[in-house]
Structure formats: structure tokens, C-alpha cells
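Read the structure below first, then the notes.
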Amino acid sequence: MAAPAALQYKPAAILLDIQLPVKDGWQVMDEIKTNPRTRHIPVHIMSSLEVKRKAC
């Protein structure tokens, strides 16, 4: 879903969470960066995993 959305909306940058419900954020990053039409888009990776661990 993210890679097709990047093609459709042509964002200036993408903020990508590593923990996604359907597929791993690294897989999404691979899809974006291996496509010649989207590989130029900067991707900023974030995750709240460490924060969730500290909250428990």
C-alpha cells in the first residue's frame, strides 16, 4: 500500500514506522528504494518499540 501511494501522491519525503500491521517497514523501504520511480524520495525511519518496552 505504501509504495503505490508513493507513486500516486509523489511525496517530498516519507516517514516510515518499522512496525507496521501488515508488513515489515523494512519490506516497504525495499519496495520504495528498488523502484526507479520512487527511489529518489527520502525515507525517514522511526519506531516506538523502545518506548513501548519502557512503558510496560
### Query
For the subset of the stretch 5-22 comprising residues that are part of a loop (DSSP other than H, G, I, E, B) and in contact with a strand residue (DSSP E or B) (Cβ under 7 Å, 6 or more places away or on another chain), which member is surrounded by the fewest Cβ atoms within 10 Å (Cβ to Cβ)?
13
### Message
So the check is Cβ under 7 Å with 6+ separation or different chains; which pairs have a first residue in the stretch 11-26 that's under 13 Å from residue 48 (Cα atoms) and a second one that's assigned to a loop (DSSP other than H, G, I, E, B) and modelled with pLDDT of 90 or more?
### Response
none
### Task
Spot the failing condition for residue 41; the list is (1) outside any helix (DSSP H, G or I); (2) modelled with pLDDT under 90; (3) surrounded by 11 or more Cβ atoms within 10 Å (Cβ to Cβ); (4) aliphatic (A, V, I, L, M), and only one is missed.
(2)
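The values are calculated or read from the model by the stated rules, or taken from the named source; none is laboratory data. This one's a predicted model, so the numbers in the text were calculated from it and none came from an experiment. Here Cβ is always computed from backbone atoms with ideal geometry, including for glycine, and neighbour counts include all displayed protein chains.
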